[in-house]
Amino acid sequence: MSTQHSFEGGADAIDRARAKLRIQELWSLLDLPGIPSRSCRSPFREDRHASFSVYDDGRRWKDFGTDEGGDALELLAKARGLHRRAVIKEFLALSGDLPAVPAPMRAPIAGAPRPDRHQLIREDLEKCQAAARLLAGDLSICERIAQRRGWKPETIRNLALEPSLGWHNGKLTFVYDTGMKARYDQDGERRLFWMFGKPSLWRGWLLLSKPYHRTVIITEGETDTVSMVDTGIEDDLSTAVVALPSASTITESWFDALCGRDVIIALDNDEAGAAGTRKLEKILQARANSLSSLNWKKLISHAG
């Protein structure tokens, strides 16, 4: 199979939000200190000389004390202490311009609306959150992982902020809705083990979030998903990349949330990947609006 998938409305939605949500309004929504004006004090630091400016009819800001600046989206990112990509959804929500969810072309299948019903106990949920906070808060770990894998440090940090990645006892962890899996190298071999919980779709929560992702790419394993995200394939908000725990770990109920979407299966080009692809095709034929399969390595080379 082959396909051409389009990115719908993501950049346009951000532009509309920028036009609607001026910095003065955002300032108030965020309850920042002071009054935004052409010459005002910075809301982010001690500022004795009014070295902050909001200008261009509330569309732009500049902190002359730190040489930072940007538009309302950058102001939100600064206020949250996050990368701008990590606050796009909040920015759209604050502007009231989240993309509408289109009616699925196929009716949803009755049953659980979630990718998986398993619920973490409070103690395990706190472990997931702590692992993600540790990774997101330590740029040196992000840089070390990124250098080893050929990824961007900001990709690692943004995934930790979701939270989908974490760091626990010197090991990279993959945070699921249903548990946490650790990865480490021993004697030159990659090793993976479930610390607690059970398998599900990694980043499956994206299928239930807004803005609506028209195109969903399913990879084999979490690192393949990270590699795709690292190319910027999700930047326009119309595409989401999720991962199977492995090519042989597939549960039909995980995919009920894919009804009406364009799905690309991007498993590895080996025997296990081929078998997993066939199983997914059988499951998704009754759910997806369109369905295609390809080799994820080729997709990354084209995206780059």
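The values are calculated or read from the model by the stated rules, or taken from the named source; none is laboratory data. Everything numeric in this text was worked out from a predicted model, so none of it was measured. Methodologically, a virtual Cβ is constructed for each residue, glycine included, from the backbone with ideal geometry; neighbour enumeration extends over all protein chains shown.
Within region 240-267, being touching a Phe, Trp or Tyr at 6+ places or on another chain (Cβ under 6 Å) and farther than 15 Å from ASP177 by Cα holds for one residue alone: ALA266. Every listed requirement among (1) free of Cβ contacts under 8 Å to residues at least 40 places away in the same chain; (2) farther than 26 Å from ASP138 by Cα; (3) among the aliphatic types (A, V, I, L, M) is met by LEU201 save one, (1). With respect to the conditions (1) modelled with pLDDT of 85 or more; (2) touching a Lys or Arg at 6+ places or on another chain (Cβ under 7 Å), ILE109 lacks only one, and its number is (1). Could you tell me how many of the residues in region 218-233 are under 13 Å from the mean Cα position of the chain (by Cα) and either within 23 Å of TYR184 (Cβ to Cβ) or surrounded by 24 or more Cβ atoms within 10 Å (Cβ to Cβ) (or both)? Residues flagged as under 13 Å from the mean Cα position of the chain (by Cα) and either within 23 Å of TYR184 (Cβ to Cβ) or surrounded by 24 or more Cβ atoms within 10 Å (Cβ to Cβ) (or both) within region 218-233 amount to 7.
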